[in-house]
1. For residue B:5, all conditions in the list (1) facing chain A (nearest Cβ under 9 Å); (2) in contact (Cβ under 8 Å) with a residue 12 or more places away in the chain hold save one; what is the number of the exception?
2. Can you confirm whether residue A:47 is in a loop (DSSP other than H, G, I, E, B) and under 29 Å from residue B:7 (Cβ atoms)?
3. Collect the residues in region B:150-176 that are free of Cβ contacts under 8 Å to residues at least 60 places away in the same chain, within 16 Å of residue B:258 (Cα to Cα) and assigned to a loop (DSSP other than H, G, I, E, B), keeping them in residue-number order.
4. Tell me which of these residue B:123 doesn't satisfy, since it passes every other one: (1) touching a residue at least 12 places away in the same chain (Cβ under 8 Å); (2) within 13 Å of chain A (Cβ to nearest Cβ).
5. How many residues are in a loop (DSSP other than H, G, I, E, B) and surrounded by fewer than 24 Cβ atoms within 10 Å (Cβ to Cβ) when one looks only at region B:285-296?
6. Could you run through region B:233-268 and say how many residues are crowded, with 20+ Cβ neighbours inside 10 Å and more than 23 Å from the chain's Cα centre (by Cα)?
7. Tally up the residues in region A:1-26 that are in contact with a helix residue (DSSP H, G or I) (Cβ under 9 Å, 6 or more places away or on another chain) and within 12 Å of another protein chain (Cβ to nearest Cβ), please.
8. Of everything in region B:82-95, what is touching a strand residue (DSSP E or B) at 6+ places or on another chain (Cβ under 6 Å) and within 20 Å of residue A:57 (Cα to Cα)? Give them in sequence order.
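The values are calculated or read from the model by the stated rules, or taken from the named source; none is laboratory data. No experiment lies behind these values; they were computed from the predicted model shown. Cβ coordinates were reconstructed from backbone atoms using ideal geometry, including for glycine residues, and neighbour counts include every protein chain displayed.
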């Protein structure tokens, strides 16, 4: 049976009727049209579907939508403010840290979770924590460089 | 992939959760979901009811009680490798927590969920389409175990990272059930039966993990060998606890049997002896000889045996390095 739920996504509140077997990823993409969150492996092995729940990097393909009630959800669509790219988005563009761009939303959100917790995270920490975000085309060097450029310059919350 | 349909409950306390589980013995408990939901997507587990226990308050804690450390069932793995109480006293447990899956799995996954994860096998952890090329295996609801080609037996391997690290520090677990709560050594929680790996009644919930203070007297470590460091389950995982002053040692392995196992032969040999390279080598050979890994993954049993020995020697070297610091 469908349940009426409220989800807080990117600062907006959505009222929805969803079956408990819908994942947060399915609701974001198929019900709300927020296509920025990508469906990759759909089994929690690639990191493409990463969203932030109360600031923590979570895999939306392994999270029931009904379970995300009461949490602040941030997707890639909610990152830029007033038309200005977020510093991480800007760094990814400037460093050329993407090719097809499919993994980029997950990469950027994971990086944000890491840097919010540890603004001056070392390269080793960044590499270790972002290892679950897979890229099939461009590789990881420029991704790490982009995140490091923000880590090195950040003094407060990213 | 759409999850199969199920009835969904979000009890607010353990008592209510136990009551639902009593009424619905086929129900499954949902915590982090990183193991169960994958299996449900693969249709190897299709529970009619899911009981989400994450709304239950006060199951996420690490606290000291008369010197013992008590960890709540829903404590995320991420917290375990950041918590100074754990990192300083039980570094092996912190190492194991940081070795589980990817960072995302450590954020979402819980300690009890990791302990209670399903056994794994290359014939079981596959999509419905992949599995359709041969009859369903015994664990997935069929009759035969494709690993040994025998009926009504399951040789899937237990592949959790946390269990061996908890075995060597003599952890106990608390179960909450219809008749109240009970405690048991974590070693007794694993049945050794691949089909139903846990010794737990359907209405029982793992609520707490207790580590005795005496275990803080030794040095613990966990070393994992996996295909990719970033995300995989262990091919072999080895935990060691060493009290060099008393010359007492405990060894445990994961992914080499149907349950996490203690290396009793290696322990018997090492106890009372120095942690020398020769003794470590001899103990490694004994542990590898006693193990019974089967071909449940693409890695051969002989490869697993060899890795058990090498990992144990590596763990011994690490213990020696730490004790000299």
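1. Tallying (1) facing chain A (nearest Cβ under 9 Å); (2) in contact (Cβ under 8 Å) with a residue 12 or more places away in the chain, residue B:5 fails exactly one: (2).
2. Against the criterion (in a loop (DSSP other than H, G, I, E, B) and under 29 Å from residue B:7 (Cβ atoms)), residue A:47 does not qualify.
3. The answer is B:152, B:153.
4. (2)
5. 4
6. Count: 0.
7. 11
8. B:83
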